[in-house]
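First up is the structure itself, then whatever we jot down about it.
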Amino acid sequence: DLLRAAFTRTKDRILPYFWTMIISIVMQVALIIGLGLLAGLNALIWMMTQSVPVTGITAFISVLVAIVVGTYVNAWTSLAIIYSLISPHKLKPGEIFTAMKPLIVRYYWVMGLVGLFFIGLLPFGLITLFIVILVWVIWGAFTVYTVIEYKDQHLGSLWRSKAIVSTRFWAVLLRLIIIYGGFYLIMMVLGMSQESTNSPVVGAIVFILSILSGPFLMSYSYETYRNLEHPETYGKNTVWKALSIIGLILVMAGITFGMNYAVQNIPSMIEQIENERLFEQGGAEPDIYQQEIPTDMTEEELQKMLKEFEAKTT
């Protein structure tokens, strides 16, 4: 029974989970403080040197350091929180963080590739009313577990998750809909009850459920993963790779086109809006009223210009 197994796992691992969560929060706060000190250091360098090149170089280095350290800490804490619930044996928080440290780079690399893969599917998701995206969300639901438990290269963790889910796709989909949909339905009903009655008892129940729901839902997801067949091999998914690459090219082309359009048209649009605003306030007139008439124009050219002016003002 998955519910009983998930409840037992949550009950056995709840203390390591919360201690890991607290340590993760402390690490995140320390990261924010460190980034603040780094920003202060750059401001101090600017005040001392007043040099744009020096400050630019230090700011660039600081941004790189912030990105690397930030992603490292986020990946480490995410892995640790998950592993506190799914480890083969109950571990102490220090052991959990130590066990996950070697997987940080792989986890970050895999999640980055998975993100690019899903971005590439966006055009086809739009065409299929996001059915393709939703199917892949279900197929990839256990990717983080395969990252931790297997040593697949590149997108192999995603392909393995797909192969595992595909053994009982509809059963997995139904279970996830029931457990997550049921939870959100209960929270919605309790929230409406709290708003109407303002009962402290209902508020306390909502608070407790919000705290315990995270580890329980993750435990249920992992128990679902454990009870599925795990094929030894998985397909190359060549067609999906090709579609994602094509989609990435389309997305990049769309972004490039959009940026070019914005650069070419937004300044003139802003100028037009500003002119109309000033004209309505009586402080200025639109550009068509401010056109200067060249002194060397012929009578024919002047007549043509007047006709164009009349067309614009009528």
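Here are the numbers:
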read-out: Number of the exception - ARG160 against (1) touching an Asp or Glu at 6+ places or on another chain (Cβ under 7 Å); (2) without any contact (Cβ under 8 Å) to a residue 60 or more places away in the chain; value: (2)
read-out: Failed criterion for LEU174 (all others in (1) surrounded by fewer than 14 Cβ atoms within 10 Å (Cβ to Cβ); (2) part of a loop (DSSP other than H, G, I, E, B) hold); value: (2)
read-out: Extreme residue, surrounded by the most Cβ atoms within 10 Å (Cβ to Cβ), among residues of the range 119-155 that are of a type in the set (Phe, Trp, Tyr) and in contact (Cβ under 8 Å) with a residue 60 or more places away in the chain; value: PHE142
read-out: Qualifying residue in the range 85-92 (condition: touching a residue at least 24 places away in the same chain (Cβ under 8 Å), of a type outside the set (Phe, Trp, Tyr), closer than 25 Å to SER157 by Cβ and assigned to a helix (DSSP H, G or I)); value: yes
read-out: Residue check, VAL110 closer than 25 Å to MET252 by Cβ, assigned to a helix (DSSP H, G or I), without any contact (Cβ under 8 Å) to a residue 60 or more places away in the chain and touching a Phe, Trp or Tyr at 6+ places or on another chain (Cβ under 7 Å); value: no
read-out: Selection count, the range 4-48, where residues are closer than 18 Å to SER78 by Cβ and either small (Gly, Ala, Ser) or over 29 Å from the mean Cα position of the chain (by Cα) (or both); value: 2
read-out: Test: residue in the range 203-213 that is surrounded by 15 or more Cβ atoms within 10 Å (Cβ to Cβ), at negative phi and touching a residue at least 24 places away in the same chain (Cβ under 8 Å); value: yes
read-out: Residue that is nearest to LEU116 (Cα to Cα), among those in the range 247-263 that are β-branched (Val, Ile, Thr) and loosely packed, with under 14 Cβ neighbours inside 10 Å; value: ILE249
read-out: Some residue of the range 219-235 being surrounded by fewer than 17 Cβ atoms within 10 Å (Cβ to Cβ), part of a helix (DSSP H, G or I) and under 21 Å from the mean Cα position of the chain (by Cα); value: no
read-out: Residue count, the range 221-271 (criterion: closer than 30 Å to ILE179 by Cα, free of Cβ contacts under 8 Å to residues at least 60 places away in the same chain and among the aliphatic types (A, V, I, L, M)); value: 0
read-out: Only listed residue being among the β-branched types (Val, Ile, Thr), over 30 Å from ILE255 (Cβ atoms) and at pLDDT 90 or above, chosen from ILE81, ILE127, ILE138; value: ILE81
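The values are calculated or read from the model by the stated rules, or taken from the named source; none is laboratory data. The model shown is predicted, which means the values in this text are computed figures rather than measured ones. Every residue, glycine as well, gets a Cβ built from its backbone with ideal geometry; the counts of neighbours run over all protein chains shown.
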